[in-house]
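**Student:** Once you've had a glance at the structure underneath, I'll fire off some questions.
Values in this text are rule-based calculations from the coordinates and carry no lab data. Nothing here was measured: the structure is a model prediction, and the numbers come from that model. For neighbour counting, all protein chains shown are included, and Cβ atoms are generated from backbone atoms with ideal geometry for every residue, glycine included.
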Amino acid sequence: MATVSFDKATRIYPGSDKPAVDALDIEIADGEFLVLVGPSGCGKSTSLRMLAGLEDVNAGAIRIGDRDVTHLPPKDRDIAMVFQNYALYPHMTVADNMGFALKIAGVPKAEIRQKVEDAAKILDLTEYLGRKPKALSGGQRQRVAMGRAIVREPQVFLMDEPLSNLDAKLRVSTRTQIASLQRRLGITTVYVTHDQVEAMTMGDRVAVLKDGLLQQVDTPRNMYDRPANLFVAGFIGSPAMNLVEVPIADGGVKFGNSVVPVDRDALSATTDKTVTVGVRPEHFDVAGPESEKGLAVTVNVVEELGADAYVYGSAKVGGDDSKDLVVRVSGRDVPEKGSTLHIVPRSGETHVFSTSTGARLSD
Ligand SMILES: Nc1ncnc2c1ncn2[C@@H]1O[C@H](COP(=O)(O)OP(=O)(O)O)[C@@H](O)[C@H]1O
Ligand SMILES: [Mg+2]
């Protein structure tokens, strides 16, 4: 087991003048499950490939434990990688696929067999050891790819979107299996996904990347409760946080016809006339159509999920322009399409960001 550090690690691809990954700085603890998440092209795979030794590091350093591995070849880094497409050998059995790296390393046959059988037991693959990959389901192939990494007992697991070839239902059950397996084995893991739900449910901590730049690295809880900037606020959470540009008023910000109290320090930190306020869909108090209080929202669509429902509506929040909003309501008290709701952001549950820089202004 080992720690992993990205120390201002930068990758500039030949022929490009903009780094694909720009001075990435993350310290990963021994045994931690760290998820790198962000939209397509933000530099997740490049970061992982730098750690694996599959991509040159143009500036900065990468360390595993106390070893500087920045310029070590992949085979000397003591890592095992699971790819999106699994990269199984089609002509080999499951057992041979799982044991292949050990065979190349000259590990005695009996020992390979033992390790493969142990891993197969953990992964529920025992009865498939003699099959070829084409005779397996997608979920089973995914587990073989995991098994191949496990038998090597590496210091670090690297996984690049290992669930993206599975259907939605299997993806949910497999993500739980991988997370609990990782906790059981205690091997430091760096896991890449573009799916923020996967990131939030699996990671001890989550690192959000955008355009090659680290936006925030934090526990899922902190990431949700205190997003560091507008990008993270909009990216983490589903449905997304409502983000509305509103005028600054005495003692707070003007949210429709009510003033929402906002931390004075947050507003003094900007010279702008407006700020962007963020409210998650579950953080509104809702009053009925007769209510005078709060912001009037016209209900356009209601998405019923059983326990609760999401109201997609529009309202005049900041100025004269109508703005789309999402509000979570109880599944037992669902408004009619076309009706009007009155909503007030719950106190202490608003987020304030600078409209011009995107930085978080509130605590
Ligand atoms: N081999 C390559 N040569 C040149 N540019 C690349 C190469 N691989 C990736 N890129 C570029 O680097 C950026 C980051 O890519 P990548 O790390 O694959 O993103 P992600 O995995 O987050 O989708 C993208 O703009 C991509 O086009
Ligand atoms: Mg990728």
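**Student:** Per 20 Å bin, what is the whole-percent P(r) computed from every C-alpha pair distance within the chain?
**Tutor:** Final binned percentages: 26, 46, 25, 4.
**Student:** Based on Cβ point charges of +1 for Lys and Arg and -1 for Asp and Glu, what charge dipole magnitude is obtained for the range 75-168 about its Cα centre, in debye rounded to the nearest 20? Don't jump to the answer; show the numbers that get you there.
**Tutor:** Details: 14 positive and 12 negative charges, 70 e Å.
That gives the range 75-168 a dipole magnitude of about 340 debye.
**Student:** If you find the alpha carbon centre of the range 177-255 and of the range 1-25, how far apart are they in angstrom?
**Tutor:** Rounded to whole Å, the Cα centres lie 21 Å apart.
**Student:** Can you tally the net charge around ILE248? Count Lys and Arg as +1, Asp and Glu as -1, for every other residue whose Cβ sits under 14 Å from the Cβ of ILE248.
**Tutor:** On the way: positive: LYS254, ARG264, LYS273; negative: GLU245, ASP250, ASP263, ASP265, ASP272.
Net charge around ILE248: -2.
**Student:** Ok, one more. Using all C-alpha to C-alpha distances in the range 17-104, build P(r) with 10 Å bins and read off the rounded percent in each one.
**Tutor:** Result returned by the calculation: 13, 41, 32, 13, 1.
**Student:** Let me ask another. Let me spell out the model: positive unit charges on the Cβ of Lys and Arg, negative unit charges on the Cβ of Asp and Glu, origin at the Cα centre of the chain. What dipole size does that give, in debye rounded to 20? Walk me through the intermediate numbers first.
**Tutor:** On the way: 42 positive and 48 negative charges, 293 e Å.
That gives the chain a dipole magnitude of about 1400 debye.
**Student:** Another one. Please give the net charge around THR93, taking every other residue with its beta carbon less than 12 angstrom from that of THR93, where Lys and Arg add +1 and Asp and Glu add -1. Don't skip to the end; give the middle numbers.
**Tutor:** On the way: positive: ARG131, LYS132, LYS134; negative: ASP96.
Within the 12 Å Cβ shell, the charges total +2.
**Student:** Okay, helix-only estimate at 222 nm for the chain: each DSSP H run of n ≥ 4 adds -39500 (n - 2.57), divide by all residues, round to 500 deg cm²/dmol; what do you get?
**Tutor:** Values: 9 runs with 90 residues, N = 363.
The per-residue figure over the chain is -7500 deg cm²/dmol.
**Student:** Let me ask you something else. For the range 174-228, take N as its residue count and report Rg(C-alpha) divided by 2.2 N^0.38 Å.
**Tutor:** Working: Rg = 11.7 Å, N = 55, 2.2 N^0.38 = 10.1 Å.
Ratio of Cα Rg to 2.2 N^0.38 Å: 1.16.
**Student:** I've got another one for you. Would you please classify the overall shape of the range 118-226 from the alpha carbon gyration tensor, given that a ≥ b ≥ c denote the square roots of the eigenvalues, rounded means a/c under 1.5, and beyond that prolate means a/b larger than b/c while oblate covers the rest?
**Tutor:** Prolate shape, in that a/c is at least 1.5 and a/b is the bigger ratio.
**Student:** Now for a different question. Need the C-alpha centroid separation for the range 259-280 versus the range 300-331, integer Å.
**Tutor:** 22
**Student:** Which residue fluctuates the most in the chain, going by a Gaussian network model with Cα springs under 10 Å, if the choices are PRO19, PRO108, PRO261?
**Tutor:** PRO108
**Student:** Over all directions, how big on average is the projection of the convex hull of the alpha-carbon atoms in the range 42-149, in square nanometres?
**Tutor:** Across all orientations, the range 42-149 yields a mean hull projection of 8.2 nm².
**Student:** Can you tell me how the range 213-320 classifies by the Cα gyration tensor, rounded, prolate or oblate, using a/c under 1.5 as the rounded cut?
**Tutor:** Numbers: a/c = 2.12, a/b = 1.10, b/c = 1.92.
Note, shape of the range 213-320 comes out oblate.
**Student:** Which whole-number percentage describes the relative contact order of the range 218-363, with Cα contacts under 8 Å and a sequence gap of 6 or more? Display every interim value, and only then the final one.
**Tutor:** Values: 323 pairs, mean separation 41.9, N = 146.
Worked out over the range 218-363, it gives 29 percent.
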